[in-house]
1. What list of whole percents do you get for P(r) of the range 299-446, with Cα-Cα distances grouped in 10 Å bins up to the one holding the largest distance?
2. With a Cα-only, solvent-free Debye model of the range 297-375, what are the log10 I(q)/I(0) values at q = 0.16, 0.19, 0.21, 0.26 Å⁻¹?
3. If amide H atoms are built 1.01 Å from N in the plane of the peptide, which residues on other chains or at least 5 residues away come under 5 Å of the amide H of residue 308?
4. Using all Cα-Cα distances in the range 12-78, what percent lands in each 5 angstrom bin from 0 up to the longest?
5. Classify the range 147-214 as rounded, prolate or oblate, taking a ≥ b ≥ c as the square roots of the eigenvalues of its Cα gyration tensor: rounded when a/c is under 1.5, otherwise prolate if a/b is larger than b/c and oblate if not.
6. Test of understanding: express the Cα radius of gyration of the range 540-642 as a ratio to 2.2 N^0.38 Å, with N the residue count.
7. I need the fraction of alpha carbon pairs in the range 533-599 separated by more than 15 Å, rounded to a whole percent.
8. How many Lys pairs in the range 436-505 lie less than 22 angstrom apart by Cα atoms, where the lysines are 8 or more positions apart or on different chains?
Amino acid sequence: MSLTFTLSDHTSVLSADFYPPIELNSNSIYGLGLLGFYSYNSIFNVDEKNNVFSYRRNNKTPLIKYHIPPGVYEIDEIQNTILQAIKSDVKGGNIKDNTVEEDVQALFSLRANNNTLKCEIRSKYIIDFSEEYSIGRLLGFHETILEPNKIHESTLPVDIMKVRIVRIDCSITSGAYLNGESSHTLFEFDINVEPGYKLSKEPQNIIYMPVGPSKRQSIDNITLRILDDSGDLIDFRGEKLEVFEEPVFDNSLVSLHEHSYKPYGSPSYKNSDEIRIPVHFQDLILDINDSYIYIEGTFKPSDVTKSCYLANNALAFLFDEIRFEMGGEQAVVVRKPGITTAMKLKVSYSRMHERALTTCGWGLSESKQDIFDPTSHIFSGKLPLKYLMGFAEDYTKGILNVKQELILIIARSFQNCYMGEVDAQLEITKIEWKIRHVMPDDRVKLKLLSRLNKGHKRIKIPYRKWELYELPTLRETSSDVWAIKTTTSLEKPRYIIIGFQPIDYSDNKAKDATKFIHADINSIRLYLNATVYPYERWNLDFSRKLYAAAYYAYENFQSSYYGKEMNEPMMDFGEFLNDPLFVIDCSHQADAMKSSTVDIKLEFDTRKNKFPENTKVYALILHDTCLQYNTLDGTVQIGSVF
């Protein structure tokens, strides 16, 4: 049984009664999860419980109380509001004071100390924070009285955000714990929108909490309480709250079938051969994002009594270059796919993806040869295009009415594809490009045709290219500078992933070509014209495990590049020592940078007298680009500005 509930009201307690009750099977286990929460951020940080500001001219004069209007305030807005109130009292005669207009700013000042996160107050009058409902607690002050004409720093940090976390409690769920005690928490999330904006949360992965007690026979009521991080009900000021959502049934697609496209002619799949796989049917909507290259082949060690096995990322190392063309124009070029995918995968994926990546040839080792059958000597696997190129990863929509072609250059040598004590014979026997055909229903077809007839014939595709560059060897000095390229402002770099590798790691069956070394690096700096990234040097020392700055940059790639709320790096801090990749985030650039050509240079420093001998450098540049194609005639423009 599966049910969806929608609860909606204008209070923080939402309740629904069911009659007759929803019957449950006592022998079954039920769970309840949050599909969505929708409201507006109308939460005041100043309300009727903390809006009193009390002051007096001296100990002989009566106390004056001012009630700050409830609302959302920053520190400077609180100061201006209080200052205006005092100013009005002075002008209105409530306070006998000879202060002239020019000196009114000296009556009261309030500012936040960004270093201590505390608040500093100076006033000409006595301030009393001991009154009930005082604003002092928000400003970080205990119940105290502040003497005049002195600078007072708050005891606690400023508590300007009254509510940081929204917690949804459900009356029928169990299994959650709060501070070691059992609770009814169904879901919680932080508030990440400004006041007045729509506050919505749709969990990417729904967490189902058990419905309790375990032998519950029926459900006659569900009550939800919307709480803050202190466990108090949140006052949304009468804004409508909606929790859960009715399910939406999508019948817009008639079929979504996978079709195989084979290479042109009768390819032999020999070393350095060029394989072309065209898609001539232009009246189709193709899902390139989920397409993949299917590969079959044979692997025969020269001596079966000795160790010899498919290496990590073996399928990608089968090729020296992969190109993707649209409308006869080259949209993507992937050089050295084995190295490119290894570098991109290690910063983008987490350990949760390792099982899914096995069919791509990732994670293979002497003890793990899942894609290889030693009896028949046959291996098979797939290379998803989103694993190989930014175009397929970034553009998730279908492509309509344009010719497409995939060009594969077989590797000149297969020695990076296996490891062991002896040589082996490796042959490719089959390559196919498998693409899903998207068939919309008549209603959606008419909508698409209508848009085309109205002039929406050009479709713009922004995406991020992955370009691999290689420095054959570092000079045997303590520092080196690598002028990588000069590029246009349109293809400005956003991220650069850097890996160091001994020269003998390539085409060597005794070495893993997907592994990298730290090369005793002290710092790496990127220059885009005169702008430098990172701003401060890292000052790394791998011999003493002082490489937290480099790991932090690696760890935060996922949140910066993909916008993830939580980073899930593939390598932990200890593993990073033996297989480091250095990530430089240059995604934030001044407008002047965007309107000119860009010279890209890397500067390397080592703590030693010189870099390790015969060390090469790979730099994977991830940069913005775009194309647009005409759905009527199939023409494509690369790098068109929009």
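Bear in mind these aren't lab numbers, they're just calculated from the coordinates by the rules spelled out. Because the structure is predicted, anything quoted here is derived from the model rather than measured.
1. Reading the bins upward from 0: 10, 36, 31, 16, 6, 1, 0.
2. Debye curve over Cα of the range 297-375, log10 I(q)/I(0) at q = 0.16, 0.19, 0.21, 0.26 Å⁻¹: -0.72, -0.91, -1.02, -1.25.
3. Amide H to amide H, under 5 Å and 5 or more residues apart or across chains, residue 308 pairs with 421.
4. That works out to 3, 9, 11, 12, 11, 9, 8, 6, 7, 7, 6, 4, 3, 2, 1, 0, in percent per bin.
5. In terms of gyration-tensor shape, oblate.
6. After normalising by residue count via 2.2 N^0.38 Å, the value is 1.48.
7. Counting every Cα pair in the range 533-599, those more than 15 Å apart make up 60 percent.
8. Lysine pair count for the range 436-505: 8.
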